[in-house]
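Reading through the structure tokens given below for one structure.
The values are calculated or read from the model by the stated rules, or taken from the named source; none is laboratory data. None of the values given here were measured: they were computed from a predicted structure. Here the Cβ positions follow ideal geometry from the backbone for every residue, glycine too, while neighbour counts run over all protein chains shown. Please note that ligands, DNA and RNA were not included when accessible areas were found on the heavy atoms of the full protein model with its side chains. Shrake-Rupley method; radii C 1.70, N 1.55, O 1.52, S 1.80 Å.
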Amino acid sequence: MVTIAFYNLENLFDTIDDPTTLDDDFTPKGEKRWTNNRYKKKVFKLTKTISEIGTHNTDEPPVLVGIAEVENENVVKDLVGNSNLENINYEYVHYDSPDERGIDTALIYNKDYFTVLYSEPIHVHIINTNGEVDNTRDILYVHGILNDEEVHVFVNHWPSKREGKISTDYKRIEAAKVLISYMAKIEEKYPNPNYIIMGDFNDSPKSDSIKTLMDTNKFYNPSEHLLTFEKGSASYKRKWSLFDQIIISHSFLNYKKGTHSFLEANIFDEHFLTEFDGKFKGTPFRTYVGRKYVGGYSDHFPVFIQLKYNE
């Protein structure tokens, strides 16, 4: 059994000011007073979380972990080198994105189970309604071998709803179209490829952008069953959402020898990741609430799926 997870790490910035990005808040003298001590505490807490995802069914930590909101390669390197993960044979794939804040996606993988064959960032070209280019995150593509089976992994962090849902819907629909177009090229070379599409899509399973993917009739979205009035991966104004999802191709719904079969999808919302009391009890224990440092983990819970390898 293997666990595959996705985790939005909520602004994992280092403390160094990058003059080319909007990271000033996350510096020792910035608005967030982001110190090396706070950074190290956050890295420790995030890696403790990663090491425990899915271990209720298996003693092994996740084989693949897609992550979002990492500033650069150095912070990813600090994650895999932390004491909580250093004994796991983790490596990573990361590329700098054009995002104006400097945040990227990455894939952490266990080399004992997964071999990278090829990787590249997929640019999502979006023009705002005012005619300006929207520098959003690239989609990370990684082609690899999971156990003995080839898989095509995409790590996403689609444009946010910060400017309003309706006014930004087209951006996330465009990201879905970019993904579909890229897959069409894969399918010219690989018949019936195994897809794992994970990320913070900034949209719910029933949104138009996710429907754009699902209308291709190639995928199963086990995440859509996880959202309830009392459960989700993030909470805003005490309303749950499930922007964090892992979508798989129908090829994982079989039991053929030498392939992987889908077993389970869930949200990793253990008690230690939550607010313990107050009006936000049970919601993600985040690092900041506004400008106030509270020292938590992230404003998102990780999501994960588990696959069985058919020997």
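Observations
- Scan of the range 224-245 for residues that are under 27 Å from Asn310 (Cα atoms), modelled with pLDDT of 90 or more and either touching a Pro at 6+ places or on another chain (Cβ under 7 Å) or acidic (Asp, Glu) (or both), ordered by number: Gln245
- Within the range 288-311, if we keep just the residues that are within 23 Å of Ser241 (Cβ to Cβ) and of a type in the set (Gly, Ala, Ser), the residue that is surrounded by the fewest Cβ atoms within 10 Å (Cβ to Cβ) turns out to be Gly290.
- Flag if Ala106 is surrounded by fewer than 18 Cβ atoms within 10 Å (Cβ to Cβ) and either under 26 Å from Tyr236 (Cβ atoms) or over 20 Å from the mean Cα position of the chain (by Cα) (or both): no
- Any pair with Cβ under 6 angstrom, 6 or more apart, that starts in the range 48-61 at a residue that is more than 11 Å from Glu270 (Cβ to Cβ) and ends at one that is modelled with pLDDT under 95 and aliphatic (A, V, I, L, M): Thr58/Met1
- Of the residues in the range 80-90, at least one is crowded, with 21+ Cβ neighbours inside 10 Å and either without any contact (Cβ under 8 Å) to a residue 12 or more places away in the chain or outside any loop (DSSP other than H, G, I, E, B) (or both).
- Of residues in the range 257-283 being hydrophobic (A, V, I, L, M, F, W, C), at pLDDT 90 or above and surrounded by 15 or more Cβ atoms within 10 Å (Cβ to Cβ), the one nearest to Lys48 (Cα to Cα): Leu273
- Residue match in the range 13-36 (condition: of a type in the set (Lys, Arg), in a loop (DSSP other than H, G, I, E, B) and open to solvent by less than 50 Å² (accessible area, probe 1.4 Å)): yes
- Of all residues making up the range 218-245, the number that are part of a strand (DSSP E or B), open to solvent by 60 Å² or more (accessible area, probe 1.4 Å) and in contact with a helix residue (DSSP H, G or I) (Cβ under 9 Å, 6 or more places away or on another chain): 1
- Lys77 of a type in the set (Lys, Arg), open to solvent by less than 10 Å² (accessible area, probe 1.4 Å) and touching a strand residue (DSSP E or B) at 6+ places or on another chain (Cβ under 8 Å): no
- Condition check for Asp200: under 27 Å from Tyr118 (Cβ atoms), touching a Phe, Trp or Tyr at 6+ places or on another chain (Cβ under 9 Å), open to solvent by 20 Å² or more (accessible area, probe 1.4 Å) and in contact (Cβ under 8 Å) with a residue 60 or more places away in the chain: no
- When the range 136-172 is limited to residues that are modelled with pLDDT under 95 and in contact with a helix residue (DSSP H, G or I) (Cβ under 8 Å, 6 or more places away or on another chain), the one that is surrounded by the fewest Cβ atoms within 10 Å (Cβ to Cβ) turns out to be Arg162.
- Beta carbons closer than 9 Å, at least 6 apart along the sequence or on distinct chains, pair a first residue in the range 270-281 that is of a type in the set (Asp, Glu) with a second that is part of a helix (DSSP H, G or I) for Glu270/Thr49; Glu270/Glu52.
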